[in-house]
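We did not get these values from a lab; they are worked out from the coordinates using the rules stated. Since we're looking at a predicted model, the values are computed, not measured. Cβ atoms come from the backbone with ideal geometry, glycine included; neighbour counts cover every protein chain shown.
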Amino acid sequence: MKVKDVMTKEVVTIAPEDTLLEASLKMSQKKISGAPVVNEDNLLLGMLSEADILGSIKTTVKTMQLIYPSLSSLGVSFKENVSEKEAIEAYRDVEKMKVSEIMTKDVFTIDPDEELRNAIKKMVKNKINRLPVIDANGKLVGIITRGDILRGIAEESKNNSSQAG
């Protein structure tokens, strides 16, 4: 079985100039946890995942506080304070960032004519959930997820069982 036999051809994509807010909304509306980032020519530039977005949210704040009177010889000293920020407040700090600022740029990809077992190996070895499927020109032609693979294997198994019986 080939990658092209089970890949999703209608791919939800994100533009590099989209904001994290726009990308988050698109991903949540489409019920996906990651998407390829492509330019206007459909060339793959990177991947954006929920983990990338959450990783960009800083929920701790470091501030410097003047200590007075100071015990230092300079007469002035500071103490670092670390405090927690609310998740929503922390998200507001990054929601206007561009996707291109945080997307994963080194992306594992696969050819549509590769064997499905190669996609499985690549995903397991690299601990990834999805592989963009690109043609020889680097254009996105599909995406293969763990769910696509399981559906493909189950269909193939079902077809083989019904033919044997």
*Could you give the nm distance between label points at ARG146 and GLU40, where each point is 7 Å from its Cα heading toward the beta carbon?*
3.8 nm
*For GLU86 and LYS125, calculate 0.36 nm times their separation in residues minus their Cα-Cα distance, and state this gained length in nm to one decimal.*
10.5 nm
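For VAL12, VAL124, what's the fewest-to-most ordering of other Cβ within 10 Å of each Cβ? Mind showing how you got there, number by number?
Working: VAL12 15, VAL124 10.
Neighbour counts put them in this order, fewest first: VAL124, VAL12.
Filter the trypsin sites (Lys or Arg not before Pro) in segment 105-165 to those in DSSP coil with at most 12 other Cβ atoms within 10 Å of their Cβ, and list the result. Don't jump to the answer; show the numbers that get you there.
Numbers: sites: LYS105, ARG117, LYS121, LYS122, LYS125, LYS127, ARG130, LYS139, ARG146, ARG151, LYS158; in loops: LYS105, LYS127.
Hits after loop and neighbour filter: LYS105, LYS127.
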*Per residue of segment 138-155, in order, report the coupling 6.51 cos²θ - 1.76 cosθ + 1.60 (Karplus, θ = phi - 60°) as ³J(HN,Hα) in whole Hz, putting x for Gly and Pro.*
x, 8, 6, 10, x, 9, 10, 10, 4, x, 4, 5, 4, 4, x, 5, 5, 4
*Run down the lysines and flag those whose C-alpha is under 19 Å from the C-alpha of LYS26, throwing out any fewer than 8 positions away in its chain.*
LYS9, LYS96, LYS98
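Please identify the GluC sites (Glu not before Pro) of segment 1-46 that satisfy two criteria: DSSP loop assignment and at most 13 other Cβ atoms within 10 Å. Which are they? List each step's numbers first, then the result.
Values: sites: GLU10, GLU17, GLU22, GLU40; in loops: GLU10, GLU17, GLU40.
Answer by residue number: GLU10, GLU17, GLU40.
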_Multiplying the sequence separation of GLU101 and SER33 by 0.36 nm and subtracting their Cα-Cα distance, what value in nm do you get?_
22.7 nm
_Amide proton proximity set for GLY142, modelled H, under 5 Å, gap of 5+_ = VAL133
*Kindly write out, for segment 104-112 in residue order, the coupling ³J(HN,Hα) from the Karplus curve 6.51 cos²θ - 1.76 cosθ + 1.60 (θ = phi - 60°), rounded to whole Hz, with x marking Gly and Pro.*
7, 8, 8, 10, 6, 10, 8, 8, x
*Taking a spot 7 Å from the Cα of ASN160 along the direction of its beta carbon, which residues of segment 110-138 have an amide N less than 15 Å from it?*
116-118
*Pull up all non-local amide H partners of LYS2: gap of 5 or more, or a different chain, and H-to-H distance under 5 Å with H placed in the peptide plane.*
LEU116
